[in-house]
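See below for the structure under consideration.
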Amino acid sequence: MKKKIQARDSSIQTAKAARLFSRRSLLKAGAVSGLSAAAYGPWIVKDAFSSSGECNVFIWSGNFPKIILDRLEKRTGIKINVTEIHSNEQLLNKMKSTKGRGYDLITPTMSLADIWKDRNLLQAWELDKLPMDNLDPKFLKLSEQDWTWFYGLFHLPHLWGTEAIAYRTDMYEASYGKLSLGDLWREDVKGKIMGRPQSMMAGIGRYL
């Protein structure tokens, strides 16, 4: 019986070591491949399954180009399984339903730290295993100030999301492809526009 228990414990430790090795190797290759720009954050999710030779990623639609997937798989030997999300609500509900299991990396929006902090669905990054100099210091600082709690940092910048302009074609004429953020400040649309504060501020900054 003692031998069986020892063998079981040894198997558990081996599986844990394999899982950490695969995960660390993947993250290092991912950062080198350019997953390091700005506003959404990749995470390690607790109870990940990368020891199987696969990594499950929950990421915004269209934000994981095939060229990056191919490069990661070639460099690490790990198969990347991508599930696309379309809203933060979808992502959070999925993680709550699985208690954080089933995915190695997820990509919630940076501004939602308070929603994730106390839910115990995430695992902190092992920063000593990552090439942190590949990350833009300005965006990394934002991650650190909002997503550092308990025993570590739970967010790293990945990419900047899109900002769109929509308008009623029966009330406003514009040529598709030529519409500019600067058009939001034209005199003829004064008092007729709406938008979320952070998007409007980003629009002002980009236009200036």
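Distance check, please: which entries in LYS94/LYS117; LYS79/LYS129; LYS96/LYS138; LYS66/LYS117; LYS74/LYS129 exceed 22 angstrom between their Cα atoms? Long pairs (Cα-Cα over 22 Å): LYS96/LYS138; LYS66/LYS117. Pairs of C-alpha atoms in region 122-208 farther apart than 20 Å represent 53 percent of all such pairs.
Values quoted throughout were computed directly from the atomic coordinates according to the rules given, and no laboratory measurement underlies them. It should be emphasised that the depicted structure is a prediction, and the values quoted were computed from it without experimental measurement.
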